[in-house]
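Student: I'd like to ask some things about the structure below.
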Amino acid sequence: MTVSNRQLKLIKEAAELLVMEHRLTTNNAILVISSALRKELGIRQTSFETLESGSKIERTSFIRSVIKHVQTALENNPYWRSHNLDKSIKNFYQVLHRQWD
C-alpha cells in the first residue's frame, strides 16, 4: 500500500484526534486506522489511487466504511472506549471527509 503525502496527512490528523479523545498512543491510533484502511481496500479490491480518481460518492462511502471499522475497534477495546464515542466518531469522520474532498 503506497501512501501519498495527502493520504499521510489525512492519517496523521485522524490519529491525532484518536489520541486526544481516547486513550490511544500514537502508534495504536495509526495501527487502528491503517488496519481499517487496509481492510476496506481489500474488501473493495481497490487502491488509494483508484479512489482518488473516483467519484466523491465512492470516497464518502469508503470513508464511512473505514470509520465503522475504527469505531468497532474502539468499542471492542474497553481501555480505548470513551463516554463520548459518538461525538468523537463524528469528529473523526469530519476530519477524514474534509481532507478527502
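Student: At a 1.4 Å probe, what is the % contribution of carbon and sulfur to the accessible area of the stretch 9-101?
Tutor: For the stretch 9-101, the apolar C and S fraction of the accessible surface comes to 52 percent.
Student: In addition: Would you mind getting the accessible area per residue of the chain, heavy atoms of the protein chains only, 1.4 Å probe, in Å²? Kindly include the intermediate steps, with their values, before the conclusion.
Tutor: Details: 6070 Å² over 101 residues.
With the other protein chains kept in place, the chain gives 60 Å² per residue.
Student: If the only charges are +1 at each Lys and Arg Cβ and -1 at each Asp and Glu Cβ, what is the size of the charge dipole of the stretch 1-55 around the Cα centre, to the nearest 20 debye? Display every interim value, and only then the final one.
Tutor: Values: 7 positive and 6 negative charges, 25 e Å.
The calculated dipole for the stretch 1-55 is roughly 120 debye.
Student: Between E75 and T25, what is the spin-label point distance in nm, taking each point 7 Å from the Cα along the Cα→C-beta axis?
Tutor: Rounded to a tenth, the inter-label distance reads 2.7 nm.
Student: Tell me the relative contact order for the chain as a rounded percent, counting alpha carbon contacts under 8 Å between residues six or more apart.
Tutor: So the answer I get is 38 percent.
Student: Would you please state which residues of the stretch 82-99 a label at S55 would reach in this model, taking the label point 7 Å out along Cα→Cβ and a backbone N cut-off of under 20 Å?
Tutor: The answer is 97-98, whose backbone nitrogens lie closer than 20 Å to the label point.
Student: Relative to the first principal axis of the alpha-carbon coordinates of the chain, what is the inclination of helix 85-99, with its axis defined by its Cα atoms, in degrees from 0 to 90 and to the nearest 10?
Tutor: It works out to around 30 degrees.
Student: Under a point-charge model restricted to the Cβ atoms of Lys and Arg (+1) and Asp and Glu (-1), what is the dipole moment magnitude of the chain relative to its Cα centre, in debye to the nearest 20?
Tutor: Values: 15 positive and 10 negative charges, 16 e Å.
Here the chain has a charge dipole of around 80 debye.
The values are calculated or read from the model by the stated rules, or taken from the named source; none is laboratory data. Quick caveat: nothing in here was measured; it's all calculated off a predicted structure. Because the Cβ atoms are built from the backbone with ideal geometry, glycine has one as well, and the counts that use them run over all protein chains shown. Quick note on the areas: whole protein, heavy atoms, side chains included, nothing else; ligands and nucleic acids left out. Shrake-Rupley method; radii C 1.70, N 1.55, O 1.52, S 1.80 Å.
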